[in-house]
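Below is one structure, written out as structure tokens, with a few remarks after it.
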Amino acid sequence: MQYISTRAAQGQAQPKRFCEILLEGLAPDGGLYLPTHYPQVSSEALMRWRTLPYADLAFEILSLYVDDIPEADLRTLCRKTYTAEVFGSEAIVPLKRLEEGLYLQALSNGPTLAFKDMAMQLLGNLFEYELARHGEELNIFGATSGDTGSAAEYAMRGKKGVRVFMTSPDGRMSPFQQAQMFSLLDDNIYNIAIRGVFDDCQDLVKAVSNDLAFKQGYKIGTVNSINWARLMAQVVYYFAGYFQATTSNTERVSFCVPSGNFGNVCAGHVARMMGLPIEKLVVATNENDVLDEFFRTGVYRVRGSADTQETSSPSMDISKASNFERFVFDLLGRDSARVTDLFGAGLARDGTFDLHADPLFAQAASVYGFASGKSTHADRIATIRDTWQRYGVIVDPHTADGLKVAQLHRQAGIPMVVLETALPIKFASTIVQALGREPERPAKFVGIEDLPKRVQVMDADVQAIKAYITAACA
């Protein structure tokens, strides 16, 4: 299996293998890596995979994309990662039936109580394995709106040859999310709170990644969902959810995915392209509805920091969806020149592009199965309350956004699976507002907000960030 950049000019960039892009993040041309083709999964393979333990299912899917790690080693890494001890059950991602045709898929039982653990735990093991094979070190530079940061830090803490520099928007995460990250005092963990919004943090990551001399000199890598390996690992739980929601491979299933950066739902797009019988991929946004606007109108309109709203589902307070470029690459027939123009010069110049008049835009729904919807603060409060009253289940605000939008797109006879984003304790104040009570707190996180914290507050200044990384590596 080989990988290409979404911006690679035809015939000008040599395809790379998995381990060449594992530690890289963005491609040198500023694009995102995708496989040259999506492996097709036969109905016979689906039948064979249906009863596999999650770790073995992960191996089967990952081995289609990874052919430069020995099979025995890859299987060992999957089995080391996906255990009941780490994820709370043998099912790893159990499906909870709310009512006929409506399900929640539990993705938040990992170490940091968020779906990001599903991929990040594997990345930690993959990184350590690959670095040890070559005797190298890696400086991970990332951005988080809440959950990616803690998931990355918990996955990488204590790992040999790895340092983590994680930026987050100062004061914009929940107190629990801040405490999860800033209370980690491991020597290889560096937290940087940026005065601004998540998109400012994300821009810093891209700017550093695009400085090829600095990136190579300081071995800069990323764990954001721009990293193909992370997105690849997320593909697995779509297959696992499908198998739990169906009894045969003739059935179709829809997934509703709370989304800000388009990584989580992009993994669903990959699963669908591989042949998983997915009817709809429903993108649920909050008030920062850049993705919903695109799927409704064909207009992709990036908002600036001042126009990015601070909401009660803060992990989706994103107005520049990094992974979206991967889908548009497929939507436009893998036309790298056009993608380069849209996401490079076009967005930099205009902050927007419009595909509504392009005949290919209609294929987002008709061929690729995408639909979308938006949820507001009032919606998520009402949904949290309704879900508790009707089903006895407390959901976090992002999952509530998913449930709200899922109801708009349900179809008779087709199960709708809503991907859970995080456990509600991470957003306790919103739960209290909705239900008048705090959600349950796992014992290991009692008093986390009172632990000592270590964090550096900085401006969104690329040169200052580079100087900070340089000093830490000295």
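The values are calculated or read from the model by the stated rules, or taken from the named source; none is laboratory data. Please read all numbers here as calculations on a predicted model, not as lab measurements. Methodologically, a virtual Cβ is constructed for each residue, glycine included, from the backbone with ideal geometry; neighbour enumeration extends over all protein chains shown.
Could you please give the count of residues in region 39-55 that are without any contact (Cβ under 8 Å) to a residue 40 or more places away in the chain, assigned to a helix (DSSP H, G or I) and over 15 Å from Val235 (Cα atoms)?
Total meeting the criteria: 3.
Counting just the residues of region 385-412 that are buried (at least 18 other Cβ atoms within 10 Å of the Cβ) and among the polar types (S, T, N, Q), which one comes out farthest from the chain's Cα centre (by Cα)?
Step by step, filter region 385-412, then rank; the result is Thr387.
List pairs: first in region 195-220 and touching a residue at least 24 places away in the same chain (Cβ under 8 Å), second outside any helix (DSSP H, G or I) and among the basic types (Lys, Arg), Cβ under 7 Å, 6+ apart or cross-chain?
Val197/Arg172; Asp199/Lys320; Gln202/Lys320
Does region 336-351 hold any residues that are over 19 Å from Ala27 (Cα atoms) and either of a type in the set (Asp, Glu) or modelled with pLDDT of 95 or more (or both), and which are they?
Asp350
Only residues that are of a type outside the set (Ser, Thr, Tyr), under 13 Å from the mean Cα position of the chain (by Cα) and over 13 Å from Ala271 (Cβ atoms): list them for region 206-253, please.
Result: Val223, Asn224, Ile226, Asn227, Trp228, Ala229, Arg230.
With under 30 Å from Glu100 (Cβ atoms) and either part of a loop (DSSP other than H, G, I, E, B) or not small (Gly, Ala, Ser) (or both) as the only criterion, which of Ile425, Ile469 stands out?
Ile425
Condition check: under 20 Å from Leu113 (Cα atoms) and surrounded by 13 or more Cβ atoms within 10 Å (Cβ to Cβ). Does Leu419 satisfy that?
yes
Quick one: how many residues across region 243-257 are without any contact (Cβ under 8 Å) to a residue 40 or more places away in the chain and either buried (at least 24 other Cβ atoms within 10 Å of the Cβ) or of a type in the set (A, V, I, L, M) (or both)?
Looking only at that region, the number is 0.
So how many residues does region 196-215 have that are closer than 25 Å to Val66 by Cα and either modelled with pLDDT under 90 or not in a helix (DSSP H, G or I) (or both)?
1
I'd like the full set of residues that are more than 21 Å from Gln363 (Cβ to Cβ) and either of a type in the set (D, E, K, R) or without any contact (Cβ under 8 Å) to a residue 40 or more places away in the chain (or both), limited to region 283-316.
Glu287, Asn288, Asp289, Arg303, Ala306, Asp307, Gln309, Glu310
Go through region 77-100 and report how many residues are within 16 Å of Ala240 (Cα to Cα), among the basic types (Lys, Arg) and assigned to a helix (DSSP H, G or I).
Result for region 77-100: 1.
For region 138-161, give me each residue that is over 21 Å from Ala207 (Cα atoms) and touching a strand residue (DSSP E or B) at 6+ places or on another chain (Cβ under 8 Å).
Listed by number, the residues that qualify are Asp147, Ser150, Ala151, Glu153, Met156, Arg157, Gly161.
Output the number of residues of region 193-207 satisfying the condition of being buried (at least 22 other Cβ atoms within 10 Å of the Cβ) and farther than 17 Å from Ile318 by Cβ.
Going through region 193-207 one residue at a time, the tally reaches 0.
Kindly provide the set of residues from region 103-137 that are in a helix (DSSP H, G or I), of a type in the set (A, V, I, L, M) and either in contact with a strand residue (DSSP E or B) (Cβ under 7 Å, 6 or more places away or on another chain) or free of Cβ contacts under 8 Å to residues at least 60 places away in the same chain (or both), ordered by number.
Leu131, Ala132
Report whether or not Val86 is farther than 27 Å from Lys466 by Cα and touching a Pro at 6+ places or on another chain (Cβ under 7 Å).
yes
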